[in-house]
1. Looking only at segment 245-263, decide whether some residue is away from the ligand (no atom under 16 Å from the Cβ), farther than 27 Å from residue 44 by Cα, part of a loop (DSSP other than H, G, I, E, B) and not assigned by TED's automatic domain parsing to the domain that holds residue 361.
2. Any idea how many residues of segment 121-134 are more than 17 Å from the chain's Cα centre (by Cα), under 25 Å from residue 347 (Cβ atoms) and within 14 Å of the ligand (Cβ to nearest atom)?
3. Taking only segment 226-244 into account, find how many residues are touching a strand residue (DSSP E or B) at 6+ places or on another chain (Cβ under 8 Å), surrounded by fewer than 24 Cβ atoms within 10 Å (Cβ to Cβ) and not in a loop (DSSP other than H, G, I, E, B).
4. State all residues of segment 105-118 that are surrounded by 24 or more Cβ atoms within 10 Å (Cβ to Cβ) and either under 22 Å from residue 163 (Cβ atoms) or near the ligand (Cβ under 9 Å from one of its atoms) (or both); if no residue qualifies, say none.
5. Does residue 34 satisfy the condition of being assigned to a loop (DSSP other than H, G, I, E, B) and within 25 Å of residue 367 (Cβ to Cβ)?
6. For segment 200-218, state whether one or more residues are more than 13 Å from the ligand (Cβ to nearest atom) and under 19 Å from residue 167 (Cβ atoms).
7. So, in segment 161-180, how many residues would count as being surrounded by fewer than 22 Cβ atoms within 10 Å (Cβ to Cβ) and not in a loop (DSSP other than H, G, I, E, B)?
Ligand SMILES: *Cc1c(COP(=O)(O)O)cnc(C)c1O
């Protein structure tokens, strides 16, 4: 029997998959948390491992038939430990948010104090922001960035930690363009008797490739997503010291989750293998060079960069000096074939649903082989779009130019040439 494929069984969903492939191929994708996974990662993620239940950990499962899952998960763990130099790795968290929740469960009682970066300053919801369970079920105090420099003020973080005595201190961000000083966070955590969680979701690929300092030697626990700069499937991992290994594993299962997503584990294993190659090191450094080139190009077009530039894959910019708001500009850019997200900037006077800024990242464009000269071209398109936001025809003409440009860069995992 030849089984019918997706397009025969469900042309409606099949057509949407094809359209999404086309969209991802035709656009300059600058959303800082996104990337293109390789064909190998896609294949592993779309494999029959999605059929299998395996609650528990290798050698101690609650279901039979683990002859293939146990070696798979063991391999993913070994690769994670080797790549990041960690004592212990758990590859089961469903995504970054549940991975962070597992750390709370492993290290805190409800109502105890956590201290993370505020969402409007670039932190993540799960770092204690009030609408998140982490802000509702724990006592949360939040640090920001210095409004003049746009950077973390480590003296202010220390003063707040001394006053509030958190049990868990969190470093890491979703919208911070600068290198984070992990030794400084470690010293503050030690001084106040806190555990240190570093959430490296955005920068994991840069850390793997040696393009950002590693938090692993400094943190009690490191959480990360696997699908951003690391270029794996949607998922997450927790890395920790041996002393916390049992508590972390128990928090993920049975504390928070049921069966692990084994197809995701397969994709993570492949991505970790790819991330340990010399080619990936080169990729990580190119991501940073591209971000710097894009930042310079945008600054030359009059956009105001938070902190004045970037050290990593990410750029945060205030577009109001060019007479725009974040949302309207992001929408116009999307029509013109340049995809990004609107974002608050530090001390943003505007509301989060229509803030002053845009957040950009170079992980995805670098996966297509674009380099510094291409970033200059992209910056020019930003300058062009800002003057034609109200002109749909002009935006559509830019989109056609962008399509032609993108055709010169193969997209990993997408069979369009
Ligand atoms: C993306 C991100 C997360 C959450 O990941 P999800 O997979 O979207 O739940 C957590 N922390 C940081 C810093 C992130 O950037």
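The values are calculated or read from the model by the stated rules, or taken from the named source; none is laboratory data. If you're wondering where the values come from, they're calculated on a predicted model, not measured in any experiment. Reconstructed Cβ throughout: ideal geometry from the backbone, glycine too, with neighbour counts over all protein chains shown.
1. Among the residues of segment 245-263, not one is away from the ligand (no atom under 16 Å from the Cβ), farther than 27 Å from residue 44 by Cα, part of a loop (DSSP other than H, G, I, E, B) and not assigned by TED's automatic domain parsing to the domain that holds residue 361, which makes the answer no.
2. Count: 4.
3. 2
4. Within segment 105-118, 114, 115, 116, 117 qualify.
5. yes
6. yes
7. The total comes to 3.
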